[in-house]
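One structure is given below, encoded as structure tokens.
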Amino acid sequence: MRITVTILGVIFSLFFGLQALAVGTLSDAVNDEATATAGAVGLVAALMWFIAGAMAWPLPLVSTILFGLSSLMVFSVGAASYGDLVVWGVIGIILTILSFFAWRGKKKADAREYERDRLLMQALSTKS
């Protein structure tokens, strides 16, 4: 699951970032401040997605938080003036949910590994 979140997060962040950069630049050229602001918010959110995607493998909880914060930022700031941000926000929520389940899975795997190591150490200490 963590590999999936990493790949999707990084790939989507590149597309999201390019689109937000284009929208922000073109809106700035025609003096549309609302859409230019939404483009800037999209660019910041895309950067957060890239970092979250990179963090999904070693630290899935950090990834969950970053995806969630970027989705909230997209919906609260930019979605009113730039409709595509709603689509990116929904994708961000999906990535947040996937990252949460990746974190939960890693937490369970770490607990199983800890218990296995504890039992192994206990068995080795009773042999001697």
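Of the residues Val74, Gly17, Met121, the one whose Cα sits farthest toward the positive end of the charge dipole of the chain, with +1 on the Cβ of Lys and Arg and -1 on the Cβ of Asp and Glu, is Met121. The angle between the Cα long axis of helix 84-127 and the main principal axis of the chain comes to about 10°, on a 0 to 90 degree scale. Angle of helix 60-73 to the longest C-alpha principal axis of the chain, folded into 0 to 90 degrees and rounded to 10: 20°. When Ser76, Ser71, Ser27, Ser125 are sorted by how many other C-beta atoms sit within 10 angstrom of their C-beta, beginning with the fewest, the order is Ser125, Ser76, Ser27, Ser71. Shown here: semi-axes √(5λ) of the Cα gyration tensor in Å, derived from the displayed model; of the candidates (i) 30, 24, 12; (ii) 28, 16, 10; (iii) 42, 11, 9, it corresponds to (iii). Over the chain, DSSP H runs of length four or greater, each weighted -39,500 (n - 2.57), average out per residue to a 222 nm ellipticity of -30500 deg cm²/dmol. Footprinting exposure proxy ranking of Tyr114, Tyr82, fewest other C-beta atoms within 10 angstrom first, gives Tyr114, Tyr82.
In a simple Cβ point-charge model (Lys, Arg +1; Asp, Glu -1; nothing else charged), the chain has a dipole of about 980 debye relative to its Cα centre. Report the paramagnetic label zone for Val30: residues of the range 70-98 whose backbone N is under 20 Å from a point 7 Å from Cα along the Cα-to-Cβ axis. Backbone N within reach: 78-87. Computed over the range 13-86, the Cα gyration tensor eigenvalues convert (square root of 5λ each) into semi-axes of 25, 12, 7 Å, ordered from largest to smallest.
No lab work stands behind these numbers, since they all come straight from the coordinates. In this text, all values refer to a predicted model and were calculated from it rather than measured experimentally. Cβ coordinates were reconstructed from backbone atoms using ideal geometry, including for glycine residues, and neighbour counts include every protein chain displayed.
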